[in-house]
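Data first, discussion second: the structure below is written as structure tokens.
The values are calculated or read from the model by the stated rules, or taken from the named source; none is laboratory data. Keep in mind that this is a model prediction, so the values were computed, not measured. Because the Cβ atoms are built from the backbone with ideal geometry, glycine has one as well, and the counts that use them run over all protein chains shown.
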Amino acid sequence: MAKNNTTDTEKMTPDSAQKLEAIKNLIFGENIAEYNHEFELLKKDLSKKREELHNFIEETRSELMQSIDSLSTDINIRITELENSLTDKTDQLGEDKVDRKVLGKLLVTMGEKIMSK
């Protein structure tokens, strides 16, 4: 069965549309204006809530990006400090470590001095 793209109200003549409107008014009466008013209030409230939510999301995104930048900067500073500390420790170890050739010469010299006395 094929569907028609036109609605029933589009097929109605102006006279039948008026009759339908009169029936609608009889069924809903004065309440239809109140319902329409309430729907408009709900639409406005939803729009306002949507805007508030959008603003909250943007604010949160901004705070998160700022926190990420701050954390990144802090991590980079700490990594640099660790690299400098490691370099200092390595240099200190190099200075503290005695070269084997120098140690061998010192031991030979000490041995010669012990033998000569």
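Just a few scattered comments:
- Residue that is modelled with the highest pLDDT [pool: residues in the stretch 76-113 that are of a type in the set (Lys, Arg) and surrounded by 10 or more Cβ atoms within 10 Å (Cβ to Cβ)]: ARG78
- Of all residues in the stretch 93-117 being outside any helix (DSSP H, G or I) and of a type outside the set (Val, Ile, Thr), the one that is nearest to the chain's Cα centre (by Cα): LYS97
- Residues that are modelled with pLDDT under 80 and either more than 49 Å from the chain's Cα centre (by Cα) or not in a helix (DSSP H, G or I) (or both) do not occur anywhere in the stretch 32-44.
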